[in-house]
Structure formats: C-alpha cells, structure tokens
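Scroll down for the structure; my scribbles are underneath it.
The values are calculated or read from the model by the stated rules, or taken from the named source; none is laboratory data. The structure presented is a predicted model; accordingly, all values stated were derived computationally and were not measured. Virtual Cβ from ideal backbone geometry, glycine too; neighbours counted across all protein chains shown.
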Amino acid sequence: MKFIALLSCTVALFLISCSDDPTSPSTSSVLDDLYEHTTVEVEDMSVTMYSREPSLTNGFNELHFTVAMDGELIGISHIEITPQMSMMSGMQHGAPTGLFSQVGEFGIYRHGVLFTMPSESDTSWTLQLAISTVNHGVVSVEFPVVVEAGGLVDILNAGDNRLFASIERRAWQVGKQSFDLYMYSPQHHDFDPLSVDSLEFYPWMGSMGHGSSGNVQPVEIEAGKYSGEVNFSMTGPWQMHVVLHSGEFAGDTLTFEVDVQ
C-alpha cells in the first residue's frame with residue numbers, strides 16, 4: 001500500500017509538471033522593474049518597448065520588448081534594431097546597438113542602444129525594428145523616441161578613428177557594485193564593438209583628492225561589453241576613469257562623472 005501511495009504521488013507530480021507549457025506566457029517580475037514607454041500596433045500585433053530608466057538618454061540604454069497577439073505574448077527569435085537620427089539639413093546617422101537576448105520568462109527580450117547624442121530642436125531619433133517571430137514571420141515596427149541629455153558617455157578621437165564609450169546609468173551608492181562599460185567604433189555607416197587587450201580602471205574623487213581600493217578591473221564578456229566592479233568609499237561626486245593600453249586609442253583615458261548617494 002505504501003508503494004501504491006508513493007507511486008500515485010509521483011504520477012500526480014509528473015502530470016502537474018507536464019501541464020506547464022514552457023512556451024506559454026506568464027506575468028514576469030522582470031517587467032515590474034522596467035518603465036513602459038509606448039506600444040505600437042502593427043497588423044494584429046502589439047509591440048511594447050520598456051527601459052531600465054524612466055527616460056532615454058545619450059549613452060547606453062537597456063531596452064526590453066514584448067510582442068502580443070490577442071493579449072498573449074508570442075515568441076521572438078531575433079530583433080534587429082536600426083537607430084536613426086534625422087536632421088533638418090537632411091543628414092542622417094545611426095548609433096551602436098548591443099546584443100539581442102531573451103530575458104527572464106517567456107516573451108521578454110532585451111536589446112541595447114548607445115545613443116551618440118541627445119535629441120535637439122532640429123533633430124529626431126527613431127528606432128526601426130525588424131522582429132523575427134517564432135511562428136508569425138518578420139514584423140517591422142518604428143518607434144519615435146526622445147533622447148535626453150545626461151547619460152554617461154565619452155568620445156575619443158585618434159586620427160580618422162573615433163570611439164564612443166558609455167557606462168549604463170544606475171543609482172550609484174557607497175560600497176562595491178558592478179558596472180558595464182560599452183565601447184564601439186564607427187566604420188563607414190556601421191558601429192563595430194571595440195575589443196582592447198588591456199585597459200585600466202580607477203575611480204577618483206577630485207574634491208577630496210583620493211581614489212578607493214577594492215575595485216575589480218573590467219573584462220570583456222561580450223563583443224564591446226566589459227564588466228567590472230567599483231568600490232565607492234563615500235558619497236559625493238566621483239569620476240570613473242578608464243585608461244586604454246592597446247590599439248589606436250592606447251594612452252587615451254575615458255572619463256565618466258557620477259554622483260554617489
């Protein structure tokens with residue numbers, strides 16, 4: 001009898017676990033930590049864009065997207081983003097984009113854009129998306145966006161070469177915390193991730209004339225994306241310096257101004 005009871009419980013648990021469709025949408029806590037920007041209706045689909053911060057700024061912005069049909073999230077295999085700034089003069093240019101990936105539960109997808117400059121009275125940004133869905137073909141969507149100033153971005157020039165670098169915004173606090181550095185170099189009309197063999201990171205508090213210990217040097221974890229740790233020892237204005245030791249920008253220093261609370 002004990003064996004039969006145990007077998008019955010095992011079968012019941014198996015049936016419960018099998019009834020959960022791994023591709024079925026569910027409410028995810030991922031979206032609870034994001035800001036919803038706008039929804040674009042295209043054909044019979046609703047495409048919604050979210051961001052980590054309440055506004056988009058120059059520099060790197062982490063974006064999330066969902067696609068729904070009849071109120072249900074659907075699967076996406078890839079999203080191709082083409083940022084475009086249009087000027088009243090007729091000139092246009094793009095911006096670097098990060099890597100596409102699925103985040104958290106089914107139906108939520110991450111991308112990133114490093115806006116090279118904020119929107120102005122005579123300029124405007126749009127995000128053109130080509131969304132490859134799992135079962136519903138490719139969907140094209142355009143999001144008009146406003147890019148505000150105030151992001152963490154620095155630009156280096158070395159002859160004909162140019163480097164756009166950014167650290168993603170966050171609420172900086174006293175103590176050790178991780179950060180991501182993004183570096184891209186424009187090549188004709190595209191932006192290539194920049195890989196360097198050696199770089200040196202250090203924080204500096206100019207008003208007090210000291211740095212801090214316990215920092216972890218950034219290492220490249222994706223093409224053009226470097227992850228490290230900074231340890232702020234007190235509140236106030238700090239500078240995050242990154243010295244490049246290889247390539248065409250060897251000897252140059254990137255600087256990002258942050259306010260530690």
* Structure fact -> Matching residues in the stretch 1-50 (at pLDDT 95 or above and polar (S, T, N, Q)) number 3
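This table checks each residue for (1) touching a Ser or Thr at 6+ places or on another chain (Cβ under 9 Å); (2) modelled with pLDDT under 95; (3) basic (Lys, Arg).
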site: 213; (1), (2), (3): yes, no, no
site: 223; (1), (2), (3): yes, yes, no
site: 230; (1), (2), (3): yes, no, no
site: 235; (1), (2), (3): no, no, no
* Restricting the first residue to the stretch 107-136 and requiring it to be assigned by TED's automatic domain parsing to the domain that holds residue 180 and surrounded by fewer than 21 Cβ atoms within 10 Å (Cβ to Cβ), which pairs with a second residue that is of a type in the set (Lys, Arg) and in a loop (DSSP other than H, G, I, E, B) meet a Cβ separation below 6 Å and a spacing of at least six or different chains? -> none
* To do: Select from the stretch 143-165 the residues that are of a type outside the set (Val, Ile, Thr), within 17 Å of the chain's Cα centre (by Cα) and farther than 27 Å from residue 39 by Cβ and list them in ascending order.
  => 152, 154, 164, 165
* To do: Could you name every one of the strands (runs of 3 or more DSSP E) located completely within the stretch 144-261 that has at least 1 residues being β-branched (Val, Ile, Thr) and within 30 Å of residue 120 (Cβ to Cβ)?
  => 153-158, 161-167, 236-244, 253-260
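Listed here are the residues, each with its yes/no results for (1) farther than 22 Å from residue 53 by Cα; (2) in contact (Cβ under 8 Å) with a residue 40 or more places away in the chain.
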site	(1), (2)
155	yes, no
159	yes, yes
177	no, yes
182	no, yes
190	yes, yes
195	yes, no
207	yes, no
220	yes, no
231	yes, yes
* Which of the residues that make up the stretch 223-242 are among the aliphatic types (A, V, I, L, M) and crowded, with 16+ Cβ neighbours inside 10 Å? -> 230, 240, 242
* Taking the condition acidic (Asp, Glu) and surrounded by fewer than 17 Cβ atoms within 10 Å (Cβ to Cβ), does residue 220 pass? -> no
* To do: Quick one: count up the residues across the stretch 35-63 that are in contact (Cβ under 8 Å) with a residue 60 or more places away in the chain, in a loop (DSSP other than H, G, I, E, B) and more than 20 Å from residue 75 (Cα to Cα).
  => 4
* To do: Output the residues belonging to the stretch 67-106 that are assigned to a loop (DSSP other than H, G, I, E, B) and within 17 Å of the chain's Cα centre (by Cα).
  => 94, 95, 96, 98, 99, 100, 103, 104
